[in-house]
Amino acid sequence: MKEVEAFWINSFTQNGTGGNPAGVVLHADHLSNDERLQIAQAVGYSETAFVSRDDEVDFALAFFTVTGEVDFCGHATLAAFSTMYQAGIITEGSYRQRTKAGILAVTIEANGHIVMEQKLPEYRGEFSYEQISALIGLDSIILESTRLPIEVISTGLADMIVPVPYGYLDNIQVNQNLTSDFCKKYDVVSIHAFELCDQTSMLTASCRNFAPLFGIPEESATGSASGALACYLSKHLSRTLLNDFTFEQGRAMECVSKITASVESSELGITKVSVGGFAHNVGRQTIHLQ
């Protein structure tokens, strides 16, 4: 019988509270995919990160939900690097990780804030307000009033960005079965809905994320979708060449998270996407593999 230790980490915490839980397994080189899935199911969080050695970059990371492997996970990346930082495996500085979404940079700042580079955006098309209305329980006329498109953007995972008018975000009622079927049909990972905040707020937007196809009814912080949303806002609402955003997520779950994101652009388009936040260790468990 093989014993594996998994760390429990809350990612994108705000003043040490809230955040989105992820599992982290270090020294995962000799674990098979079946064993990783078994561990992820035992941990029971939306994602668990597995950290291994790599011959060319600093680390290789793999990410498993309770149903299978995904190419990338922002909050689990944050959890993994925070775990290594707190354990003294790494120090302040820049690192490179190999993921199925590509080789991406991660920076540990002196205060423990972790910033993750994401893939440059891929714009994968738009859906009509009528198509999405039934999925989230808001009338298409309400969605149309934003005068913003519903667009699928990937900075590692394909997220459908859905703008809603201010005051309607908490009214969303997702039809889990319809949404799961829709995401499978159109190769979309999640619905990432947002409402823009008042200009006097320190926040850019409040967000909710739903990925029932991957066993996640709702998630309290989503790093990959935050990068996609930053690109969306840069594309549709901003004309500056450097944009910094602060997102709140998890309010409807009473587990508020804070996510920072930045987009750098040139006349040729977006040149860099980064997402950042803090994480806290909340415990660990020993898993016995058969």
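The values are calculated or read from the model by the stated rules, or taken from the named source; none is laboratory data. On a predicted model such as this, the values are computed, not experimentally measured, just so you know. Please note: Cβ atoms are built from the backbone with ideal geometry, for glycine as well, and neighbour counts cover all protein chains shown. All accessible areas refer to the heavy atoms of the entire protein, side chains included, with ligands and DNA or RNA removed. Shrake-Rupley method; radii C 1.70, N 1.55, O 1.52, S 1.80 Å.
At a glance:
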| read-out | value |
| --- | --- |
| Flagged links, alpha-carbon separation over 28 Å, of 100/235; 2/258; 2/185; 100/258 | 2/258; 2/185 |
| The stretch 44-182, accessible area per residue, ligands and nucleic acids excluded (1.4 Å, Å²) | 42 |
| Förster radius 51 Å - calculated FRET efficiency between residue 290 and residue 266, Cβ distance, rounded to 0.05 | 0.45 |
| Calculated [θ] (222 nm, deg cm²/dmol) that DSSP helices of n ≥ 4 give over the chain, each run adding -39,500 (n - 2.57) | -6500 deg cm²/dmol |
| Phi-based couplings in Hz for the stretch 246-255 (Karplus 6.51, -1.76, 1.60; Gly and Pro marked x) | 10, 10, 10, 9, x, 4, 5, 9, 6, 8 |
| In Hz, Karplus ³J(HN,Hα) per residue of the stretch 38-53 (6.51, -1.76, 1.60; θ = phi - 60°; x = Gly, Pro) | 4, 5, 4, 5, 5, 5, x, 7, 4, 9, 10, 9, 10, 9, 10, 6 |
| Pairwise label distance in nanometres, residue 200 with residue 131, each label 7 Å out on the Cα-Cβ vector | 3.9 |
| The stretch 251-290 residues near the modelled residue 113 label - backbone nitrogen below 19 Å, point 7 Å along Cα→Cβ | 257-265, 272-281 |
| Rounded to whole Hz, the Karplus (6.51, -1.76, 1.60) HN-Hα couplings of the stretch 217-229, x for glycine and proline | x, 7, 10, 8, 6, 10, x, 4, 5, 5, x, 5, 5 |
| Residue 184-residue 124 FRET efficiency (beta carbon distance; Förster radius 25 Å; 0.05 resolution) | 0.95 |
